[in-house]
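Single-structure report; data block below.
Please treat every number below as a calculation from the coordinates, not as lab data. All of these numbers come straight from a predicted model, not from anything done at the bench. We place every Cβ from the backbone using ideal geometry, glycine too, and count neighbours over all the protein chains shown.
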Amino acid sequence: MNYKHQILPCPPALRIAACFAGCFLLMVTLTAAETADQQPPASAEPAAAQQASDAAVPALPAADDILNQARTRLESLNSLQCDLQQTAIFGGVKLIAAGKYTEASGNRVHLIYRIYPMSAIRTEDAAKNALDAAAPELKPEENRGELLQVSDGAVVHTSWKNGDIVRVTRRNLKDILDAAQTISGYDPNNVAMDLGVGGLRALISRLQTSMVFAPVKTVQAGDRTLLEVTGRWSDRVRREIFGLPEGTFVDSRPFVPEYVRVYVDQETMLLRRIQFLKHSADPAQKLARPLLTLDLRNLRINDTIDESLFTFTPPENTREEDMTESVINSIKTSVAPESAPKADTPAATPPKAPDQAGNPAATGNP
């Protein structure tokens, strides 16, 4: 899209999927609360996607080039609309959220998600999660909750509905941006992403600044050829964001992924899927299973958009909570004085890229 004034994000936190309004964290929280004592499914998928070719194609561009092309493609658009589906799988259960996403220039976003009941993992779920699998048939009346996020570019409204309980919040994007400019040690470019209005470009940018990538592969999904970009968190992110000891590759927390896979349509250079994966607890095993899968279907570019989508109408008899000051204070308290860069700090050793299956380097340096 033509985002001349669009802010781009910087290094990530666990809210890497926050551009879709934190639904990932909601799903993780709901699932973890009810399945903390369960074990991961025994049928863990291999680190390489089932449809992937066995070897990287040398002629393919580098991962960063692919992601840059995908970002450039998005930036050239006036608007993007699509159907979204998020599937979280861990602790032996599956949780699906599905909805529609619209973004346009000026940080305007409309996202609606419905969250459906959890179900036990079954053998056939692997096929249902394939790249060329059809969208599941979901009944809206069976949803257990609804998330609506609307940004007109100045104010971000979020509405959570759980049964008869509705919570509505507002965040003044301009006030938060202005305050972020004055906070030492915090990059204000993070604000849009953390508030969920950075869009797909912002998510790609964060992945690029947070990960090291394996060689690109091609994957066939129906009659479409997709480019598969596999990355893992950099040493800095695993150390500073996830707090892992030096030399640790696998995070013991069940909801923290080690890998991401981004699938880009080779012809249109539009995103098809973003998938976060959890590595086996044994780093020597080249196995990983999907933890969170975000599918984009029925993409429509530069179509006429109903401008009313970016106007939020609160539910009747619902109090609106202004979270602006709370967000500003949380930014202030989250920035430690020592976080500012030091001029005499030696450059860190560049992290090793994962192998072609996305696994840590054979040297043992994660």
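Ordering of 292-305, 239-252 by packing is 292-305, 239-252, highest average first (other Cβ atoms within 10 Å, averaged per residue).
Whole-Hz Karplus values for the stretch 218-224 come out as 9, 9, 9, 10, x, 9, 10 Hz, taken residue by residue from phi with 6.51 cos²θ - 1.76 cosθ + 1.60 and θ = phi - 60°; glycine and proline positions read x.
For Tyr186, Tyr263, which order do you get if you count the other beta carbons within 10 Å of each Cβ and list the fewest first?
On the way: Tyr186 19, Tyr263 22.
Fewest to most other Cβ atoms nearby, the residues stand as Tyr186, Tyr263.
Among Thr311, Thr102, the order by Cβ neighbours within 10 angstrom, fewest to most, reads Thr311, Thr102. What is the distance in Å between the Cα centroid of the stretch 140-155 and that of the stretch 210-241? Measuring centre to centre over Cα atoms gives 29 Å.
On a 19 Å Cα-Cα criterion, which of the cross-link pairs Lys100/Lys278; Lys161/Lys278; Lys94/Lys128; Lys139/Lys278; Lys139/Lys161 come out too long? Exceeds cut-off: Lys100/Lys278; Lys161/Lys278; Lys139/Lys278.
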